[in-house]
Every structure is written in structure tokens, then in C-alpha cells.
Amino acid sequence: MTTAAGPVPRPGIPGITPYVGGEAKIAGVERPIRLASNESALGPSAKAVAAYRALAGEIHRYPDGGADELREALGRCHGLDPARIVCGAGSDELITLLLRSFAGPGDEVLYSRHGFLMYPINAQAAGATPVAAPEQALTTDVDALLEKVTERTRVVFVANPNNPTGTYLGAAEMARLHAGLPPSVVLAIDAAYAEFVNRNDYEAGVALVDRAKNVVMLRTFSKIYALAGLRLGWAYCPLEIADILNRMRSPFNVNAPALAAGVAAVEDVAALVRAQTHNQRWLAWFSERLASLGIPLTPSVANFVLARFSDNRRKNADAVFTLLQSRGILTRKMGAYGLPAHLRITIGTGEEMERVAVALGEIMASR
């Protein structure tokens, strides 16, 4: 359909607010401390970098359209059936594929109020209506989600742990949520930060996928594996849903260097353990330092903290963001998530966290 003014997009698309990532540059600062996008503190595995570089002479070749080697590696690592794994250009692509496959005009897509912004954005892009359920203490509320389910609900997204709050649902609560959903509703568990979690009651989603036909677990290589620049993610699904996603995705949706780096990253267990150990140490250290400065924090199990600042215009979130930026430190504003009084701060290197703690101490002590 066109008009004299030009082509007309589908209804709803002009109303989408585009996703804006964390800032990466500060004018006049050559190497800012980048703590705005939950990127890895330690960088990628040396083996993954080597595998990426080894593909330099082969980039004129198409990649493996089935991502067979990577799916096999993931299967070995997690004890999963590779036939039930679908790889994508980041978990973002898999979110898009799920919504294009299972939701459309007249349907509803349910998510937690402060969940990842790509859920409502992609729901709107598919023509569906995003529906947000309230949270309790910045934590996904199972009862609130179930109360929002209607006959039009098609997909429920739960980020576990949640971005940007860092909170999580234990396995029992996630199972309770699934039990309350109709079999026709897809429960998508976005476990992008699963490798960082150090809690006995946490389960990334494998168990639910294994016993249900309407659960999908999403994972990414962008966080603990530090391959955000390559755009690589995967989904573990029932065979029927894997078949649908494979029909919907592009034939060569993951590039060859990303596939090679992904295999090497999965197999480099030592690098994974180093990243986990680093995060556990500095998450605890930084959380304690901010608490000592009187900055309220939401308890986090991921690789970031959500800090709340006062309503004082000289020390509110906007003011602190600007003052940190003037010191070469980038954090993430949370207004788009409905949390304008907060900043999200990624766990960086030890030196970076010490510098941020000192800067925040100076800011909070100032008049």
C-alpha cells in the first residue's frame, strides 16, 4: 500500500521507540571506562580470538548454515541434544524469530515491568501488543504475570537473571509460573546471564525445556564469553519449536568467524572459570563499597549492579551520570526502563571498579 507521500509501514511500527545501547565514547577521552553495556570484564578467551583470526583467509566462503559444530560443542558442554539447539546472531535474533513465529496482530506478549526492552520492541514489530506485569522489589512477580495472562497471550518472556535489575527467580518459582500457563503459550526464559549466577536454587531453564513442549531457553555469547561484537546466541527448545525457528531464520544467519570463536569459547573452560571467579569477587566488593557510601543497591546475581540515587538534583542519577562521565566513566541511565532514579553499573576490571568507587565516594561526599 502506498500514498502520494510514499510507502506506508504496517500499523504500529512508527510507534516503536528504537532500542538505544549503552554509550561507548566520551568526547576527549581516548579510553573511557566502559561500564554501560554489561560487557565482559576480562575479554574473550585467547583460544576464541585465535579461532576467529584463523578464519581470516576463508571469509569468502559461506558459513555452516546449520551451525553443526557449535551445536555439537554446546551439546557436549551442557549435556543437551544438539538437534534441539538453534543458533542465531545474538539472542536478540532468536527473540525476534520467536515473536515472528508465535505472535502477531491481535496477540499479546507478556513480560515483567522492568524486563529487557527488546521484548516489547520486538512484540510491536511483530504486530502484537506488549503487556507489562508489575514486579515486587524489582523482581519478577509470578502471580502478577499469571494475572495478566488472557486468551490472547502467546508468549511470556522472563529474563532470569533479569536485566537491568540483577534479580532472579529460583527454579521452584519458574516451575510455578510454567504450571500456571496454558499449553498454547510459549514461556521464553532468557538466561543471558546464567553463567554468572552462584545460587543453589537457580536453574537456567534446561529442566523445564526437557519436560515441556512450550518452553524455550535463550542464551548468549555476549556476556561471560565476551563475544558481543560477533553477535552469537543460541536457544534450547522442544524439537517442534526448533523446527519452526529453523524454518524462520535466514539460511546463513551466523557468520563463520563467530561460529569458530563460539566453539573455542565453549571448550575453554578455564577462561570461563576465571571470568566467574573475577565477577564473584568484584561484584561483592563493589556492592559492599557502594553500600558503605549509602547508595542503595538491588541485590544482583549478574555482572552488574543497579544503584539508586537521591532526588537531590545535585546527586540524582542524571547528575551522578554526568559527573562520572566527566571522570571518564560510562554507566547506563535507566529512564527507558522506568527507573529514572537508578544507574546500572557493569562489573569491570578490578582497577576500573576501584576507580569508580573512588569517584562515587568523592561525588557523594561533595556538597
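Of all residues in the range 64-113 being charged (D, E, K, R), more than 22 Å from residue 257 (Cα to Cα) and in contact with a Phe, Trp or Tyr (Cβ under 9 Å, 6 or more places away or on another chain), which is least open to solvent (accessible area, probe 1.4 Å)? Spell out the reasoning first.
The initial filter retains those residues of the range 64-113 that are charged (D, E, K, R), namely 64, 68-69, 71-72, 76, 81, 84, 92-93, 100, 107-108, 113.
Add one more test, that the residue is more than 22 Å from residue 257 (Cα to Cα), and what stays is 81, 84, 100, 107-108, 113.
So of that shortlist, the ones also in contact with a Phe, Trp or Tyr (Cβ under 9 Å, 6 or more places away or on another chain) come out as 81, 84, 113.
Details: 81: 66, 84: 40, 113: 102 Å².
Once the filter is applied, the top-ranked residue is 84.
So which of 260, 291, 336 is under 30 Å from residue 53 (Cα atoms) and either in contact (Cβ under 8 Å) with a residue 40 or more places away in the chain or not basic (Lys, Arg) (or both)? Walk me through it before giving the result.
On the way: 291 fails: under 30 Å from residue 53 (Cα atoms); 336 fails: under 30 Å from residue 53 (Cα atoms).
Of 260, 291, 336, the one residue that is under 30 Å from residue 53 (Cα atoms) and either in contact (Cβ under 8 Å) with a residue 40 or more places away in the chain or not basic (Lys, Arg) (or both) is 260.
Residue-wise test of (1) in a helix (DSSP H, G or I); (2) open to solvent by 40 Å² or more (accessible area, probe 1.4 Å); (3) closer than 19 Å to residue 70 by Cβ.
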{"site": "223", "(1), (2), (3)": "no, no, yes"}
{"site": "234", "(1), (2), (3)": "no, no, yes"}
{"site": "260", "(1), (2), (3)": "yes, no, yes"}
{"site": "266", "(1), (2), (3)": "yes, no, yes"}
{"site": "277", "(1), (2), (3)": "yes, yes, no"}
{"site": "290", "(1), (2), (3)": "yes, no, no"}
{"site": "305", "(1), (2), (3)": "no, no, no"}
{"site": "323", "(1), (2), (3)": "yes, yes, no"}
key: Sole residue being on the phi < 0 side of the Ramachandran plot and touching a strand residue (DSSP E or B) at 6+ places or on another chain (Cβ under 7 Å), chosen from 296, 340   = 296
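Looking at 41, 24, which one is over 30 Å from residue 156 (Cβ atoms), in a loop (DSSP other than H, G, I, E, B), among the hydrophobic types (A, V, I, L, M, F, W, C) and modelled with pLDDT under 95? Before you say what the answer is, go through the steps one by one.
Numbers: 41 fails: modelled with pLDDT under 95.
It is 24.
Filter the range 236-246 for residues that are part of a helix (DSSP H, G or I) and either of a type in the set (Ser, Thr, Tyr) or free of Cβ contacts under 8 Å to residues at least 12 places away in the same chain (or both) and give the result. Let's see the steps before the verdict.
So in the range 236-246, the residues part of a helix (DSSP H, G or I) come out as 239-246.
Of everything in the range 236-246, just one residue is part of a helix (DSSP H, G or I) and either of a type in the set (Ser, Thr, Tyr) or free of Cβ contacts under 8 Å to residues at least 12 places away in the same chain (or both), namely 243.
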request  = Of all residues in the range 326-365, count the ones that are farther than 15 Å from residue 290 by Cα and open to solvent by 50 Å² or more (accessible area, probe 1.4 Å).
outcome  = 6
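Looking at the range 183-205, which of its residues are open to solvent by 30 Å² or more (accessible area, probe 1.4 Å) and touching a strand residue (DSSP E or B) at 6+ places or on another chain (Cβ under 8 Å)? It would help to see each step written out before you state the result.
Let us first name the residues in the range 183-205 that are open to solvent by 30 Å² or more (accessible area, probe 1.4 Å), namely 183-184, 198-203.
Scanning the range 183-205 gives a single hit, 184.
Go through the range 130-144 and give me each residue that's touching a Gly at 6+ places or on another chain (Cβ under 8 Å) and under 20 Å from residue 208 (Cα atoms).
To start, the set of residues in the range 130-144 that are touching a Gly at 6+ places or on another chain (Cβ under 8 Å) comprises 132, 140, 142.
Result: 140, 142.
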inquiry  = With open to solvent by less than 70 Å² (accessible area, probe 1.4 Å), among the aliphatic types (A, V, I, L, M) and more than 15 Å from residue 45 (Cβ to Cβ) as the only criterion, which of 283, 272 stands out?
reply    = 283
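Return yes when residue 291 is more than 24 Å from the chain's Cα centre (by Cα) and closer than 17 Å to residue 41 by Cβ and no when it is not.
Working: more than 24 Å from the chain's Cα centre (by Cα): yes; closer than 17 Å to residue 41 by Cβ: no.
So residue 291 fails the test.
Scan the range 292-300 and give yes if some residue there is in contact with a Pro (Cβ under 8 Å, 6 or more places away or on another chain) and either open to solvent by less than 80 Å² (accessible area, probe 1.4 Å) or in a strand (DSSP E or B) (or both), otherwise no.
Within the range 292-300, one or more residues are in contact with a Pro (Cβ under 8 Å, 6 or more places away or on another chain) and either open to solvent by less than 80 Å² (accessible area, probe 1.4 Å) or in a strand (DSSP E or B) (or both).
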request  = Just one of (1) in contact with a helix residue (DSSP H, G or I) (Cβ under 7 Å, 6 or more places away or on another chain); (2) surrounded by fewer than 17 Cβ atoms within 10 Å (Cβ to Cβ) trips up residue 229, so point out which.
outcome  = (1)
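Quick one: in the range 38-49, which of the residues that are within 15 Å of residue 196 (Cβ to Cβ) and touching a helix residue (DSSP H, G or I) at 6+ places or on another chain (Cβ under 8 Å) is most open to solvent (accessible area, probe 1.4 Å)?
Pass one, the range 38-49, residues within 15 Å of residue 196 (Cβ to Cβ): 38-42.
Add one more test, that the residue is touching a helix residue (DSSP H, G or I) at 6+ places or on another chain (Cβ under 8 Å), and what stays is 39-42.
Working: 39: 66, 40: 30, 41: 30, 42: 89 Å².
If we take residues in the range 38-49 being within 15 Å of residue 196 (Cβ to Cβ) and touching a helix residue (DSSP H, G or I) at 6+ places or on another chain (Cβ under 8 Å), then 42 is most open to solvent (accessible area, probe 1.4 Å).
I'd like to know if the range 18-36 contains one or more residues that are of a type in the set (Val, Ile, Thr), free of Cβ contacts under 8 Å to residues at least 40 places away in the same chain, out of contact with any helix residue (DSSP H, G or I) (no Cβ under 7 Å at 6 or more places or on another chain) and surrounded by fewer than 16 Cβ atoms within 10 Å (Cβ to Cβ).
First, the residues of the range 18-36 that are of a type in the set (Val, Ile, Thr): 20, 26, 29, 33.
Checking the rest, the ones that are also free of Cβ contacts under 8 Å to residues at least 40 places away in the same chain come to none.
Scanning the range 18-36, I find no residue that is of a type in the set (Val, Ile, Thr), free of Cβ contacts under 8 Å to residues at least 40 places away in the same chain, out of contact with any helix residue (DSSP H, G or I) (no Cβ under 7 Å at 6 or more places or on another chain) and surrounded by fewer than 16 Cβ atoms within 10 Å (Cβ to Cβ), so the answer is no.
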message = Test of understanding: among 313, 344, 281, which residue is outside any helix (DSSP H, G or I), in contact with a helix residue (DSSP H, G or I) (Cβ under 9 Å, 6 or more places away or on another chain) and closer than 24 Å to residue 160 by Cα?
response = 344
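The values are calculated or read from the model by the stated rules, or taken from the named source; none is laboratory data. None of the values given here were measured: they were computed from a predicted structure. Cβ atoms come from the backbone with ideal geometry, glycine included; neighbour counts cover every protein chain shown. For accessibility, only protein heavy atoms count, side chains too; no ligands or nucleic acids. Shrake-Rupley method; radii C 1.70, N 1.55, O 1.52, S 1.80 Å.
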